[in-house]
């Protein structure tokens, strides 16, 4: 089901509050009806948060595309930011399958150009 603007805003407010308390930063990219979320923070905290997100019945086809260690945060100032994605070829299935490591760079470039 599609998420309405009011519900999305409520989700974003809660995510920002919770993520700030947990030391999590990241960005949420929306391209109806799909979302791509990039999260960064302490590994144990991310593992718990990922389990919570995966268990939420509103999420269909949840999958982790890439994970690993970073030397520094890509979204250090954002407890959670929301961006819209436009264009039929943005993060196509082929790109996700062929280059999971490149996703963070594509996502970072996309998000920062919209600042």
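Here, each number is a calculation from the coordinates, and none is a lab measurement. Owing to the predicted nature of the structure, the values given are computational and were not obtained by experimental measurement. All Cβ positions, even for glycine, are placed from backbone atoms using ideal geometry, and neighbour counts span all protein chains on display.
Taking the number of Cβ atoms within 10 Å of each Cβ as an exposure proxy, the fewest-first ranking of 45, 25 is 45, 25. Residues 27, 65, 13, arranged from fewest to most other Cβ atoms within 10 angstrom of their Cβ, appear as 13, 65, 27.
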